[in-house]
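The values are calculated or read from the model by the stated rules, or taken from the named source; none is laboratory data. No experiment lies behind these values; they were computed from the predicted model shown. Virtual Cβ from ideal backbone geometry, glycine too; neighbours counted across all protein chains shown. Heads up: the accessible areas ignore ligands, DNA and RNA and are worked out on the full protein's heavy atoms, side chains in. Shrake-Rupley method; radii C 1.70, N 1.55, O 1.52, S 1.80 Å.
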Amino acid sequence: MNRERSLSPSATPDQHRPDAPVTESSNPSLSSPSVSIPGLEGVAYGGDYNPEQWPREVWREDVRLMREAGVNMVSIGMWSWAKLEPREGEFDTEWLDELLDLLHGAGIRVDLATPTAAPPAWFFRTYPQARVVDREQRALGPGSRGMACPSSPDYRAACARITRMLGERYGSHPAVAMWHVHNEYGAPVGESFSSAAHEHFRAWVKTRYGSLEGVNEAWGTAFWGQTLARWDEVLPPIPTPSVANPSRELDWRRFSNQAILECYLAERDILHELSPGIPVTTNFMAHTCPNMDLWRWAREVDIVSNDHYLIASDPRNFVELAMDADLTRSLAGGDPWLLLEHSTSGVNWQERNVAKEPGEMARNSLSHLARGADGIMFFQWRASKKGAEKFHSAMLPHAGATSRVFREVCELGATLQDLAPVRGSRVRADIAILYDWESQWAQDLPWRPSADLGHRAQTQTWYERLWSDHLPTDFVHPEADLSGYRVVLAPASYLLTDAAAANLERFVHGGGQLVVGPFSGVVDECDGVRDGGLNAALAGLLGVAVEEFCPLRAEETARITTSAGEVLEAQVWTEGLVVRDAEVLGRYADGRLDEGAALTRAARGDGHAWYLASDLSVEDLRAVFTDVYAHAGLTVPELPADVELLERAEADGTRHLFAINHTGQSHELQVGAGQTLHVAAGAVAHLEVATSAPKA
Ligand code: GLA
C-alpha cells in the first residue's frame, strides 16, 4: 500500500578524480563505501553542540530539550582543544567523560570531533613560527579560529598528540558513533606562506617534476624571463609587481590542497587505529569553498558529510542548495551522505542575514534528504551568549524553548523519525555535469579573455536549467566512468587532461549526448594552451575549431538564431569558430561574428557532441537542452515551476517520492498510475510507493 503524508505541518498553507591512485581506507572494517553509523537507527538529527560554553546545569537542560526535539546525534569537541589540553601535554578529560555519559544515558549518539581547527593560546605562544602566514606575508595571530600552518611540523605534532589522546580514551566509548576530524578544512585557512610552507612546496614541486628543467617546462618560465636555476628559487606565489606565473599558481593550489589533506589523513589514520569500526568524516563545503579538490578528499572519508548555508540575498537560493546537495551525493559516489551543518534560520556572517520563513527550515532539510542525505544536522544546538556567532540562529535560540524556531525543530525531529525507512535509499540520474576543481582554479586565475566568464556561474546556470526541467542530475569528474549517463554536460571544462578528453570521446561514441560549453578544452594540466588551437583537446570530437575568443563588452550582447527559429542572446562571450565536421544549429545574428556558427552538433559513433560557443541565460538554454533531451530519449516531466518531485529508491524497489513546493500555492501532482500527490504551499509531501511484493 502506498503511504502519503504532508511533512511540513508548520508551513501555513497559502502563506506563503580520479587521476591519482585511490588510497584504500586504513580501516579495513570500513572499506565498503556504504557505512552506517553504529547505534543510530533512523535519520541522524541534531547539530553542533558546544557545551564548553555552558555550566553543567545547562547540559542537563540541553539533554532534556534534545530528547524533546527528537535529537539522536550531536557533534561535540570542535572547539574544545583549550579545555582538553589546558597546558601542553596535560589533559583534562573529566568534563568530557561526564558529558559523554550524560548523552549516552539519554540515547544520544556522539559525533566526536578532533579540535584541531582551533589550537589553544599556549600553542601560538610556544610555536609562533607555526602561525598561518598570508600571501601578503603577515603572520595571523590567535584570538579567533582557523588552523595553524598546515605545513608546520609543530602543528602536525600537536594535532597528532590531541587526536591520539582522544582516540585512546574514547575510541571504544559506547557513546561515540562517528569521528569528526577538524572542522571545514579549507576555510578559513586554504593556504599558508610560512617558511615551513616554502620548504614543503619546494619538496612537492621536486617530487612532481623531478628536475628544474621539468619545472621550467611545466611553468613556462621562458615567458618574462622567469627561468629557475636553483631549487631555492622555487617559491610560493608571494606578491609580485605584475601578475604572477599562472602555472605556478595552479600548482600552488594543488599543493595547498595536498598539504591540508595530509593533516586530515594523519588524524584519520590515528582514529582508525585506535577506534576500529567507528566511521571517520570531516565536514566539506562542497559548493561553497573552492579551495579543496573534494574528489580527492571524498575517497578518504568513511562517510561524506557537508555543510550548507543559504545565500540570503538570493531569492531563489533553493536552487543553489539543490546543486550543493547533488554535488555532495556525487562526491559520495551516490551513497547516502550527511548534512552536518545548516541553519535553522539566519546566519550572522552575510551582509543581511535574512531569517527563514516558517516552514523554510523543514523545506531546506527535506530537500537535502530527498537528494540522498541520511542525516540532517545544524550549526548549532544552543545559541552562544558570547563570541562572534551570538547572532547566528540555533536549534535552541536565545528566545528559548517556547520560540517558533524550537517548535519547528521539534516538528522536524518528529518528521525525520517517521522517515527512518528512507535511510539507505538512493537517487538515480540520467544526466551528469562535469565538475573539476582543478579546472575551476585554472579558469578563475587573472588575465583571462573575460573576467565575467567564471566557472561557478557557468556551471550553476546550466545546473539551474536542468533543475527547472525537473531532471535529476549528478556531478562527475571528467575522468570518471560516464557509461551510466545518457547526457553529460561540460559547462566549464577549461582545463581538460588527455585522459578526460579520451573519456568524453568514449562516452559519445558509446551513444551519449555530450554538450560542451564555451572556453572548454583550452589548456592542459599545466595551464598551457595545447598545440592545434584554442580547443585542441575537443576539436576533433566536436568537429569545430575555436579560432578566436571574442568576449563582449559590459552591457553588450550578441544574438544567436537557431535553425528552429529561436532567438537567443549571448551575455558575456562569443567565439569565432571554424566548422569542420559538424552540423550548424545556431548562428550569430549580429555583431562582429554575424552569421558565424554559435551552436553545433557532430554525430560520432552512436552519440552526438554538441558545442555551444556562448554563455546563455537559464531561460535561453531551454532551446538548446530541449533538443539534447530529445536526442537522449529524456522527457521533461510536467510539473509546476518551482515545485520539485524527487525520488529515492530502496534496494527492494520501494520508492520514496518527495514533492517540495517552493511556491505560494498548493499543487496536485500526477505521480503515475493515476495517482496524485497533494503538496501545500511552501510545504513538502512524501509518498512511499511500495513494490508489488509486500515489504518484510
Ligand atoms: C561553519 C562552521 C561553524 C559555524 C557556521 C556558521 O559552517 O563550521 O562552526 O561557524 O559556519 O554558519
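So which of Glu357, Glu320, Glu262 is of a type in the set (Asp, Glu), under 14 Å from the mean Cα position of the chain (by Cα) and surrounded by fewer than 23 Cβ atoms within 10 Å (Cβ to Cβ)? Walk me through it before giving the result.
Values: Glu357 fails: under 14 Å from the mean Cα position of the chain (by Cα); Glu262 fails: under 14 Å from the mean Cα position of the chain (by Cα).
The unique qualifying residue is Glu320.
Might you let me know whether the range 220-230 holds any residue that is modelled with pLDDT of 95 or more, surrounded by 14 or more Cβ atoms within 10 Å (Cβ to Cβ) and assigned to a helix (DSSP H, G or I)?
Checking the range 220-230: not a single residue is modelled with pLDDT of 95 or more, surrounded by 14 or more Cβ atoms within 10 Å (Cβ to Cβ) and assigned to a helix (DSSP H, G or I).
Among (1) surrounded by fewer than 22 Cβ atoms within 10 Å (Cβ to Cβ); (2) more than 16 Å from the ligand (Cβ to nearest atom); (3) farther than 20 Å from Gln258 by Cα, there is one condition Ser144 misses while meeting the rest; what is its number?
Only one criterion in (1) surrounded by fewer than 22 Cβ atoms within 10 Å (Cβ to Cβ); (2) more than 16 Å from the ligand (Cβ to nearest atom); (3) farther than 20 Å from Gln258 by Cα is unmet by Ser144, namely (2).
Condition (residue is hydrophobic (A, V, I, L, M, F, W, C) and away from the ligand (no atom under 16 Å from the Cβ)) applied to the range 111-120: is it met by at least one residue? Working first, answer last.
Step one: list which residues in the range 111-120 are hydrophobic (A, V, I, L, M, F, W, C), which gives 112-113, 117-118.
Among the residues that remain, those that are also away from the ligand (no atom under 16 Å from the Cβ) are: none.
Looking for residues that are hydrophobic (A, V, I, L, M, F, W, C) and away from the ligand (no atom under 16 Å from the Cβ), one finds none in the range 111-120, hence no.
Looking at (1) of a type in the set (Ser, Thr, Tyr); (2) part of a loop (DSSP other than H, G, I, E, B); (3) out of contact with any Lys or Arg (no Cβ under 8 Å at 6 or more places or on another chain), can you tell me which one Ser393 breaks?
(3)
For the range 433-487, give me each residue that is closer than 28 Å to Ser367 by Cβ and touching a Gly at 6+ places or on another chain (Cβ under 8 Å).
Within the range 433-487, Asp444, Gln458, Trp462, Asp474, Leu482, Tyr485, Arg486, Val487 qualify.
Across the range 378-396, what is the number of residues that are more than 14 Å from the ligand (Cβ to nearest atom) and open to solvent by 10 Å² or more (accessible area, probe 1.4 Å)?
At the first step, the residues of the range 378-396 found to be more than 14 Å from the ligand (Cβ to nearest atom) are 385-386, 396.
Okay, now just the ones that are also open to solvent by 10 Å² or more (accessible area, probe 1.4 Å), so 385-386.
Total meeting the criteria: 2.
Name the single residue that is farthest from Val132 (Cα to Cα) among those in the range 172-230 being β-branched (Val, Ile, Thr) and within 16 Å of the ligand (Cβ to nearest atom).
Val181
Does the range 142-154 include one or more residues that are part of a helix (DSSP H, G or I) and of a type in the set (A, V, I, L, M)? Let's see the steps before the verdict.
As a first pass, look at the range 142-154 and keep what is part of a helix (DSSP H, G or I): 153-154.
Still in the running and of a type in the set (A, V, I, L, M): none.
For the range 142-154, residues part of a helix (DSSP H, G or I) and of a type in the set (A, V, I, L, M): absent.
Looking at the range 444-461, which of its residues are open to solvent by less than 20 Å² (accessible area, probe 1.4 Å) and touching a strand residue (DSSP E or B) at 6+ places or on another chain (Cβ under 7 Å)?
Thr459
Kindly provide the set of residues from the range 323-338 that are more than 18 Å from Pro290 (Cα to Cα) and surrounded by 22 or more Cβ atoms within 10 Å (Cβ to Cβ), ordered by number.
Start the filter on the range 323-338 by keeping residues that are more than 18 Å from Pro290 (Cα to Cα), which leaves 333-338.
The answer is Pro336, Trp337, Leu338.
List pairs: first in the range 506-517 and more than 16 Å from Tyr463 (Cα to Cα), second part of a loop (DSSP other than H, G, I, E, B), Cβ under 6 Å, 6+ apart or cross-chain?
Final answer for the pair search is Phe507/Leu482; His509/Gly605; Gly511/Asp606.
Within the range 269-289, does at least one residue satisfy the condition of being crowded, with 16+ Cβ neighbours inside 10 Å, within 18 Å of Ser192 (Cβ to Cβ) and not assigned by TED's automatic domain parsing to the domain that holds Glu438?
The answer is yes; a qualifying residue exists.
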